[in-house]
Amino acid sequence: MDIVTYNIIKVFTYIIYCIFIFISILSNKNIKGLSTICVLGFAVIYMFVFGNRDLEIGTDTRSYIENYNKITQGVLSFEKTSDTIFYVLSYINNYIGFSNLNILLFIAFIFMFNVVLFSVKYGKYNSLYILFSFVSCFFFYNLGTNILRQGLAISFFLCSIAFFKNKTLKYLYFILTILSHISSVLIVGVYFLSKYLKIKTGVIIFIISIILSFLKFDFKFIVNQIPFFQRFLKYTDEDGYLASVYDVGFKPKFIVFNLFFLIIGLFIKKYIKFEDDNYDKILITFCLASAIFFLSFNIPFSDRVGVYSWCLIPLIIFPIFSYKFKNMVNYRLAMFFILIIFFFAIQ
């Protein structure tokens with residue numbers, strides 16, 4: 001599937017999805033069976049779009065195929081990789097007899113399966129809304145076509161949130177999260193930490209991190225002060241190759257973006273009066289993950305840190321679509337159009 005076909009299917013599918021959501025909001029009816037069927041239908045479309053794309057779609061796609069070939073040829077051993085899940089999936093794909101290009105479809109299947117499982121389990125009667133929130137966000141397509149290992153990690157992490165009342169499954173998904181991409185220890189760690197903090201504390205940390213990032217008292221500064229971390233200097237050198245090909249420095253647009261959804265979360269807590277301990281943890285986790293992101297602005301590929309905060313956005317706005325309150329139709333329509341704007345304006 002070439003880039004033109006990919007974009008046409010992507011936009012056309014989204015427009016159809018918008019029609020479903022618009023009708024659902026106006027009718028104010030949520031039918032679990034119909035919602036689940038629609039979610040499965042759209043998920044299958046996205047799975048095939050992600051899994052059958054050309055190698056030119058996604059800057060890291062070719063490197064995944066190269067790593068797959070190294071794994072199946074025995075060049076890259078299990079001991080030399082930290083992303084265990086990708087190694088295991090590559091081995092299974094090769095054992096079944098599929099081609100190297102089928103690994104993309106295999107990963108897309110696991111990714112979308114987890115997203116659907118999360119949407120149905122966490123969203124229940126409103127699973128159609130929560131999946132819509134995901135596909136409206138620019139990072140969703142990046143997870144499905146480019147940063148695949150992070151996509152797997154985030155999909156497992158979301159499942160851990162969906163099964164937060166089941167300790168066995170929750171911790172199993174946490175383990176799968178970290179095994180998918182080692183950087184995901186950040187989001188798992190702050191999620192555990194959120195249990196011991198209040199929302200007010202999270203907001204304060206959020207604000208302080210913006211100030212520190214602006215003053216350049218960030219992770220780059222810290223890394224440069226610690227001898228043990230000297231091997232990471234290639235990621236922080238402003239004159240280095242990575243910095244020359246990737247925009248580094250203070251990024252107000254990302255701060256405004258994250259702040260916008262934090263304000264929505266606080267609005268939901270105060271005015272809609274949505275009381276849920278797990279929602280509080282999600283909001284605090286968003287604050288902490290955002291703080292880590294802001295302090296990473298001077299490091300190339302900081303957006304790959306930012307995705308750990310962005311993946312929580314659908315959960316933050318979810319009460320607007322699921323909770324019954326005064327003027328809820330107006331709020332839902334407002335959020336619906338905001339998501340549409342984000343889809344077409346931020347890609």
Review point. Here are some conditions: (1) of a type outside the set (Gly, Ala, Ser); (2) surrounded by fewer than 21 Cβ atoms within 10 Å (Cβ to Cβ); (3) closer than 21 Å to Leu143 by Cα; (4) in contact (Cβ under 8 Å) with a residue 60 or more places away in the chain. Asp280 meets all but one. Which one does it not meet?
Key: (3)
Review point. Across the stretch 253-301, what is the total count of residues that are touching an Asp or Glu at 6+ places or on another chain (Cβ under 9 Å) and closer than 12 Å to Phe206 by Cβ?
Key: 3
Exercise for review: Count, please, the residues in the stretch 289-341 that happen to be farther than 30 Å from Phe192 by Cα and in a helix (DSSP H, G or I).
Suggested key: 12
**Study point:** Conditions (1) aliphatic (A, V, I, L, M); (2) closer than 26 Å to Phe301 by Cα; (3) more than 22 Å from the chain's Cα centre (by Cα); number of the one not met by Val75
**Key:** (2)
Review point. What pairs can you find where one residue is in the stretch 199-215 and within 25 Å of Gly249 (Cβ to Cβ), the other is crowded, with 17+ Cβ neighbours inside 10 Å and aromatic (Phe, Trp, Tyr), and their Cβ atoms are less than 7 Å apart, with a gap of 6+ or different chains?
Key: Ser209/Phe294; Ile210/Phe294; Ser213/Phe294; Ser213/Phe297
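Results for (1) surrounded by 13 or more Cβ atoms within 10 Å (Cβ to Cβ); (2) among the basic types (Lys, Arg); (3) under 25 Å from Ile25 (Cα atoms); (4) touching a residue at least 60 places away in the same chain (Cβ under 8 Å), shown as yes or no for each residue.
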site	(1), (2), (3), (4)
Asn258	yes, no, no, no
Phe261	yes, no, yes, no
Ala291	yes, no, no, yes
Leu295	yes, no, no, yes
Val305	yes, no, no, yes
Cys311	yes, no, yes, yes
Phe321	yes, no, yes, yes
Exercise for review: Filter the stretch 212-243 for residues that are modelled with pLDDT of 50 or more and closer than 17 Å to Gly306 by Cα and give the result.
Suggested key: Leu212, Ser213, Phe214, Asp218, Phe219, Lys220
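The values are calculated or read from the model by the stated rules, or taken from the named source; none is laboratory data. Keep in mind that what you see is a predicted model, and the values were worked out from it rather than measured. We place every Cβ from the backbone using ideal geometry, glycine too, and count neighbours over all the protein chains shown.
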